[in-house]
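Just below is one structure, and these are the notes that go with it.
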Ligand code: G3P
């Protein structure tokens with residue numbers, strides 16, 4: 001399963017990339033706002049750091065403008081995935097831009113039928129928002145399961161990019177179901193390593209080693 005980092009913070013991307021944990025990056029207008037950076041400038045910088053797909057989202061709501069914005073964003077670097085919302089205008093733009101050979105990430109997916117439409121419109125990635133479904137007392141992982149089954153039934157090549165990942169359990173469940181990619185905030189990716197028995201075991205090894213009085217170096 002690929003790991004994308006859901007942030008526009010260069011330091012956080014660099015830290016995880018140095019550990020080999022970054023297969024791509026996703027941004028959205030809220031994350032650009034949080035970064036306080038210019039969208040073109042920060043996206044270019046991310047694309048220089050990361051060779052995998054970097055999602056940059058359009059902000060127009062009509063298809064013609066989305067297409068124009070998508071073309072502009074795609075010019076930033078060859079690894080840009082143009083992010084489009086799951087509306088009819090977004091899907092129209094998806095069809096046009098994917099026919100031009102651009103990578104497309106269709107975002108704000110909350111149902112299996114929406115994911116089916118995105119696949120038919122030629123999306124490279126579909127982004128179902130797991131955490132936001134949990135927020136309204138639904139089970140976001142059920143949606144990942146349904147999309148996996150539907151895409152496998154018909155052989156759709158659109159990659160399932162589980163988004164709005166908030167917990168380490170979302171990551172485990174996505175991997176078990178067979179999501180192609182998860183995108184998560186750096187804090188969630190960093191939490192994946194945590195286990196109290198690892199800490200306790202290491203403390204024990206260090207204490208016993210000290211008693212031997214030996215050195216390796
Ligand atoms: O990738 C989508 C993500 O940024 C949304 O996450 O936590 O705002 O629902 P969240």
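The values are calculated or read from the model by the stated rules, or taken from the named source; none is laboratory data. No experiment lies behind these values; they were computed from the predicted model shown. Please note: Cβ atoms are built from the backbone with ideal geometry, for glycine as well, and neighbour counts cover all protein chains shown.
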Looking at residue 90 and the list (1) touching a helix residue (DSSP H, G or I) at 6+ places or on another chain (Cβ under 7 Å); (2) farther than 15 Å from residue 163 by Cα; (3) assigned to a helix (DSSP H, G or I); (4) away from the ligand (no atom under 16 Å from the Cβ), which single condition is not satisfied?
(4)
Could you say whether any residue in the range 205-217 is out of contact with any strand residue (DSSP E or B) (no Cβ under 7 Å at 6 or more places or on another chain), within 13 Å of the ligand (Cβ to nearest atom) and not in a helix (DSSP H, G or I)?
no
Looking at 122, 131, 101, which is the one that is in contact with a helix residue (DSSP H, G or I) (Cβ under 8 Å, 6 or more places away or on another chain) and at positive phi?
122
In the range 32-54, residues that are outside any loop (DSSP other than H, G, I, E, B), out of contact with any helix residue (DSSP H, G or I) (no Cβ under 9 Å at 6 or more places or on another chain) and crowded, with 19+ Cβ neighbours inside 10 Å total 1
For the range 4-19, pairs from a residue that is more than 18 Å from residue 36 (Cα to Cα) to a residue that is part of a helix (DSSP H, G or I), with Cβ under 7 Å and 6 or more apart or across chains, are 16/186; 16/189; 17/49
Out of curiosity, is residue 60 in contact with a strand residue (DSSP E or B) (Cβ under 8 Å, 6 or more places away or on another chain) and either within 16 Å of the ligand (Cβ to nearest atom) or not in a helix (DSSP H, G or I) (or both)?
no
Can you say whether residue 178 is closer than 20 Å to residue 2 by Cα and free of Cβ contacts under 8 Å to residues at least 24 places away in the same chain, as far as the supplied structure shows?
no
Looking at residue 112, is it away from the ligand (no atom under 16 Å from the Cβ), more than 23 Å from residue 52 (Cα to Cα) and either at pLDDT below 95 or touching a helix residue (DSSP H, G or I) at 6+ places or on another chain (Cβ under 6 Å) (or both)?
yes
Confirm whether residue 150 is touching a helix residue (DSSP H, G or I) at 6+ places or on another chain (Cβ under 7 Å), away from the ligand (no atom under 14 Å from the Cβ) and either touching a residue at least 60 places away in the same chain (Cβ under 8 Å) or assigned to a helix (DSSP H, G or I) (or both).
yes
Working only within the range 167-200, note down all residues that are in a loop (DSSP other than H, G, I, E, B) and over 12 Å from the mean Cα position of the chain (by Cα).
167, 178, 192, 193, 194, 195
Take the residues of the range 120-140 that are surrounded by fewer than 21 Cβ atoms within 10 Å (Cβ to Cβ) and in a helix (DSSP H, G or I): which is farthest from the ligand (Cβ to nearest atom)?
120
Filter result (within 16 Å of the ligand (Cβ to nearest atom) and surrounded by fewer than 21 Cβ atoms within 10 Å (Cβ to Cβ)) within the range 15-27:
16, 23
Could you go through the range 67-82 and let me know if any residue there is touching a residue at least 60 places away in the same chain (Cβ under 8 Å) and away from the ligand (no atom under 16 Å from the Cβ).
no
